[in-house]
Amino acid sequence: MRDHPTLLPRAADMTLKERRRLVLMVRETPLHRNHLRAMAELAELGAVIAPPVPAFYSRPTSIAEPVDHSVGRVLDHFGLESGAVRRWHQEPSSTAPGTEAL
């Protein structure tokens, strides 16, 4: 096993070793090649890569709303409901989108 300089990489390594869920909210862009390689390797080992991408479709009215949304999406990966994520609720339609009569 590799030596880990800090507790965080050690905890992540143990989480993967024990096949528990590891969700990483990676830093903002720009990402360089080594970031992408590390994320690909972690994904191959079973980690979930969940960048905190703001969702503007919910039309946030404050800075806190996209932050809460990102946190809520990560909590979803653990089966925890936060109430912070506005869900898409598509109305049932008798026709498929794009097939309406002109």
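The values are calculated or read from the model by the stated rules, or taken from the named source; none is laboratory data. This structure is a prediction, so every number in the text was calculated from the model and none was measured. Ideal geometry is used to build each Cβ from the backbone, glycine not excepted, and the neighbour counts take in all protein chains shown.
Select from segment 72-86 the residues that are in contact with a Ser or Thr (Cβ under 7 Å, 6 or more places away or on another chain) and not small (Gly, Ala, Ser) and write down the one among them that is farthest from ARG20 (Cα to Cα).
Once the filter is applied, the top-ranked residue is ARG86.
Which condition from (1) under 22 Å from LEU8 (Cα atoms); (2) at pLDDT 90 or above; (3) in a loop (DSSP other than H, G, I, E, B); (4) more than 13 Å from the chain's Cα centre (by Cα) is the one that THR29 breaks?
Going through the list (1) under 22 Å from LEU8 (Cα atoms); (2) at pLDDT 90 or above; (3) in a loop (DSSP other than H, G, I, E, B); (4) more than 13 Å from the chain's Cα centre (by Cα), THR29 breaks only (2).
I'd like to know if segment 4-18 contains one or more residues that are within 22 Å of ASP76 (Cα to Cα), under 16 Å from the mean Cα position of the chain (by Cα) and part of a loop (DSSP other than H, G, I, E, B).
The answer is no, given that none of the residues of segment 4-18 is within 22 Å of ASP76 (Cα to Cα), under 16 Å from the mean Cα position of the chain (by Cα) and part of a loop (DSSP other than H, G, I, E, B).
Please specify each residue of segment 5-42 satisfying the condition of being of a type outside the set (Ser, Thr, Tyr), surrounded by 13 or more Cβ atoms within 10 Å (Cβ to Cβ) and farther than 17 Å from VAL71 by Cα.
Listed by number, the residues that qualify are ARG10, ALA12, ASP13, MET14, LEU16, LEU31, HIS35, ALA38, MET39, LEU42.
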